[in-house]
Amino acid sequence: MRKRKEAQERLAEEQRQAAERVYEKKQKEISSVYRKELKKNKPVTKSRSSERAKQKERGSFLNKAIIFVLLLLIVVMLAVFFI
């Protein structure tokens, strides 16, 4: 009886260790998949408010440039007509 019980305990321990190895292997596979996903999805460095501020600055600069060019065109047209 004792030998049979010890054999069963050894068999159970071997099965538990085999199950742990399989579990660890699957965990490594799963973690490698998530690591690859994290590499694909870079962290966000831009925000909506900063992008809107940049667009607003760019828009105001372009508006000023357009007004300046229009003034220059008016000056040139006046120079052509009156000189």
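The values are calculated or read from the model by the stated rules, or taken from the named source; none is laboratory data. Keep in mind it's a predicted model, so treat the numbers as computed, not measured. Don't worry about glycine lacking a Cβ; one is built from the backbone with ideal geometry, like all the others, and counts go over all protein chains shown. All accessible areas refer to the heavy atoms of the entire protein, side chains included, with ligands and DNA or RNA removed. Shrake-Rupley method; radii C 1.70, N 1.55, O 1.52, S 1.80 Å.
Observations
- The chain: angle of helix 2-40 to the longest principal axis, Cα-based, in degrees nearest 10: 10 degrees
- Across the alpha-carbon set of segment 1-42, the Rg to Rh ratio works out to 1.44, Rh being the Kirkwood radius.
- The count of lysine pairs in the chain that are at least 8 places apart or cross chains, and whose C-alpha atoms lie under 26 Å apart, stands at 17.
- With a simple spin-label model that places each label point 7 Å from the Cα along the Cα-to-Cβ direction, the separation between Arg48 and Val69 comes to 3.2 nm.
- What a 1.4 Å probe finds exposed on the chain is 62% carbon and sulfur by accessible area, rounded to a whole percent.
- Net +/- balance of residues flanking Glu20 in space, Cβ distance below 14 Å, scoring K and R +1, D and E -1: +2
- Percent of alpha-carbon pairs separated by more than 16 Å within the chain: 78 percent
- Averaged over its residues, the chain has an accessible area of 107 Å² per residue, based on protein heavy atoms and a 1.4 Å probe.
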